[in-house]
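One structure is given here, and the rest of the page talks about it.
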Amino acid sequence: MTDVIFEAKEDFDREIMPKTRAAIKELIAETDKDFQKQSRIAYLKDCMTDTLSEAWEFLDRYDDDKRREKMLEMLLDGEKVIKLIKEVVKLQGKIISLRHSDKGRPDMTEDIRKAKEYPLTELIELNTNNVTRCPFHEDRNPSMRYYPESNTVYCFSCHRSWDTIAFVMERDGMTFSETVRKLC
């Protein structure tokens, strides 16, 4: 009997599951992106509601334990409430992120790639050995080396490295997004 069940499970895993997975992927691909986002938000809200309900239960237990002067139980219940509240905050963050994912935040992936490709040699002056003085500390002798294959620099005195974005951010005191915009 167990052999028949084992063979049926193998058949299911080998034939039915791959077809089911493919059908689900196809269905997801056909689903409207806005609908997917709204569904995800609704799911996260349900999770948040469940987590808050659980937190309230522990708060009630905490009050009961306080009346009975059960210190250890109070501590455990309090720790559980704190953990659940942190989970609620994470869920809220995910919901806010999903709600604002399309508003005023263009995809910067291409701009970041372009900014990283901006030649560091246009920002620093190198000698013939691709070496210069590090601008981030007192440097009597050239200690910063440029690596053209990765478009990065490394300082052998302060033991730090920079790509184009990090170099401009530190040199000019700019934020990441300001630097990317400047270099594009």
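Readers should treat all values here as calculations from the given coordinates under stated rules, not as data from a laboratory. Quick caveat, the model's predicted, so the values are computed rather than measured. No Cβ is skipped: glycine too gets one built from the backbone with ideal geometry, and neighbour counts run over all protein chains shown.
Structure data summary
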quantity: Charge dipole (the chain, unit charges on Cβ, about Cα centre) - positive-most of 184, 43, 131; calculated: 131
quantity: The stretch 121-184: chymotrypsin sites (Phe, Trp or Tyr not before Pro) falling in loop per DSSP and having at most 15 other Cβ within 10 Å; calculated: 136, 156
quantity: Within the stretch 131-174, GluC sites (Glu not before Pro) in DSSP loop having at most 13 other beta-carbon neighbours inside 10 Å; calculated: 138, 149
quantity: Matching label, Cα Rg over 2.2 N^0.38 Å computed from the structure shown, candidates (1) 1.06; (2) 0.96; (3) 1.77; calculated: (3)
quantity: Shape category assigned to the stretch 1-86 from the gyration tensor of Cα positions, a/c cut at 1.5; calculated: oblate
quantity: Highest-fluctuation residue, 84, 52, 126 considered, GNM on the chain with Cα pairs under 10 Å; calculated: 126
quantity: Gaussian network model of the chain, springs between alpha carbon atoms under 10 Å - residue of 173, 93, 78 with greatest fluctuation; calculated: 173
quantity: Degrees separating the helix 17-30 axis from the principal Cα axis of the chain, which is the longest one; calculated: 70 degrees
quantity: DSSP-assigned coil residues among trypsin sites (Lys or Arg not before Pro) in the stretch 133-179, each with at most 16 further Cβ atoms within 10 Å; calculated: 140
quantity: Gaussian network model of the chain, Cα within-10 Å springs - most flexible of 24, 165, 96; calculated: 24
